[in-house]
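**Student:** Below: one structure in structure tokens.
The values are calculated or read from the model by the stated rules, or taken from the named source; none is laboratory data. This structure is a prediction, so every number in the text was calculated from the model and none was measured. Here the Cβ is made from the backbone with ideal geometry for all residues, glycine too, and neighbour counts use every protein chain on show. Ligands, DNA and RNA are excluded from the accessible area calculation, which covers all protein heavy atoms including side chains. Shrake-Rupley method; radii C 1.70, N 1.55, O 1.52, S 1.80 Å.
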Amino acid sequence: MLVTPNLLWVLRRVRLPDKPRTLWADSICIYQDDDEEKGHQVSLFGQIYRAAQRVLVCLGPDEENDGPAVSSLLDEVNSMIEETFRKIDKSLNSFPYPEKNDPLLTDSRWGSFRALLARDWFKRGWVRYLKLVLYHR
């Protein structure tokens with residue numbers, strides 16, 4: 001089967017060295033020249049992703065090395081949120097806003113996070129649809 005150079009890169013990147021892995025590649029699994037078919041499949045994505053055990057998203061090469069910065073930032077923010085939840089009463093509006101001088105607000109890693117969100121994958125119509133479906137379930 002012929003695949004695009006980008007998909008070939010992805011398949012090589014996510015393959016497991018020692019065992020088979022089942023993957024879904026929308027560019028192969030959905031007939032791309034039929035807008036009606038694509039629309040039907042996209043309408044099922046929310047259901048498919050909610051039922052998935054694991055979702056891998058390959059955003060392409062990380063030439064600027066933003067990945068480690070984003071990963072460490074998200075780990076730190078996640079830890080801060082978990083610790084805050086242990087301390088608050090969890091009532092509506094009880095989660096505190098950060099102080100104006102909180103170093104996290106001016107952390108340089110946010111630039112890497114913005115670069116991540118600027119990637120083409122986040123501009124796809126079905127990704128925006130999926131975010132809407134998952135956030136409103």
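**Student:** Beyond 19 Å, what share of the Cα-Cα pairs of the range 1-100 remains, rounded to the nearest whole percent?
**Tutor:** Tail of the P(r) past 19 Å holds 67 percent of the pairs.
**Student:** Tell me, what is the 1.4 Å probe accessible area of Lys90, in Å² to the nearest 10?
**Tutor:** 130
**Student:** Place a label point 7 angstrom from the Cα of Arg12 along the Cα-to-Cβ direction, then list the residues of the range 56-80 whose backbone nitrogen is under 17 Å away.
**Tutor:** Of the residues in the range 56-80, 58-63 have backbone N under 17 Å from the label point off Arg12.
**Student:** Over the range 1-100, what percent of the accessible surface lies on carbon and sulfur atoms, probe 1.4 Å?
**Tutor:** Solvent-exposed carbon and sulfur of the range 1-100 make up 51 percent of the total.
**Student:** When the helix-only estimate is applied to the chain (DSSP H runs of n ≥ 4, each -39,500 (n - 2.57), divided by the residue count), what is the mean residue ellipticity at 222 nm, nearest 500 deg cm²/dmol?
**Tutor:** -16500 deg cm²/dmol
**Student:** Could you give the length gained on full extension between Leu44 and Trp121, defined as 0.36 nm per residue of separation minus the Cα-Cα distance, in nm?
**Tutor:** 25.9 nm
**Student:** Further question: Treating the angle as unsigned and between 0 and 90°, give the value, to the nearest 10°, between the Cα long axis of helix 125-135 and the longest Cα principal axis of the chain.
**Tutor:** The angle comes out at about 50 degrees.
**Student:** Before I look further, what does the chain give for accessible area per residue, probe 1.4 Å, in whole square angstrom?
**Tutor:** I get 82 Å² per residue for this part.
**Student:** How far apart, in nanometres, would the label points at Glu36 and Phe95 be if each is projected 7 angstrom from Cα along the Cα-to-Cβ direction?
**Tutor:** According to this spin-label approximation, the distance is 4.3 nm.
**Student:** Once the piece of chain linking Phe85 and Leu2 is laid out straight, how much longer is it, given 0.36 nm per residue of separation minus the C-alpha distance between them?
**Tutor:** Numbers: separation 83, 0.36 × 83 = 29.88 nm, distance 4.94 nm.
Gain on extension, Phe85 to Leu2, equals 24.9 nm.
**Student:** Enumerate the calculated ³J(HN,Hα) couplings along the range 61-66 in order (Karplus 6.51 cos²θ - 1.76 cosθ + 1.60, θ = phi - 60°), each rounded to whole Hz, writing x wherever the residue is Gly or Pro.
**Tutor:** Those phi angles translate into x, 9, 5, 8, 6, 6 Hz.
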